[in-house]
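Before any comments, here is the structure.
The values are calculated or read from the model by the stated rules, or taken from the named source; none is laboratory data. On a predicted model such as this, the values are computed, not experimentally measured, just so you know. Cβ: placed from backbone, ideal geometry, glycine included. Neighbour counts: every protein chain shown. Note: accessible area is taken over every heavy atom of the protein model, side chains too, but ligands, DNA and RNA are not part of it. Shrake-Rupley method; radii C 1.70, N 1.55, O 1.52, S 1.80 Å.
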Amino acid sequence: VTVNALLPGGAVDTHMIPAGRDRSVLLKPEIMQQPLVWLASNEADQVHGQRLIAHDWDESLPIDQRLKKATAPAAWSQLGGPTASGR
């Protein structure tokens, strides 16, 4: 199974943030909407094993540039290879 991970890209203004914190510096939860909708679309069918950073998702860019700016491998490739276990 291959999956993608969608991350906000920083601390998000939710009820999990303690009272008294300066909420003006926090990301708004809505930042997740556009990349999430794209991930649920047919256009994302061939995108696997990626970490998408919502903060870096720029709808004004063509999709290839948007992906280049906002994605990275979801894991370190060397962790899944045959040498990872020492065999």
Please tell me the relative contact order of the chain in percent, rounded to the nearest whole number, where contacts are Cα pairs under 8 Å and at least six residues apart. 32
Principal axis box of the chain, alpha-carbon based, largest edge first, Å: 51, 34, 20
Given unit charges at Cβ for Lys, Arg (+) and Asp, Glu (-), the dipole magnitude of the chain about its Cα centre in debye, nearest 20, is 360
Once label points are set 7 Å from the Cα along Cα→Cβ at both Met16 and His55, what is their separation, rounded to one decimal in nm? 1.5
Return the long-range amide H neighbours of Ala5 (sequence gap of 5 or more, or a different chain), with a cut-off of under 5 Å between placed amide H atoms. Gln50, Arg51, Leu52
Taking a probe of 1.4 Å, how large is the accessible area per residue of the chain, in Å²? 74
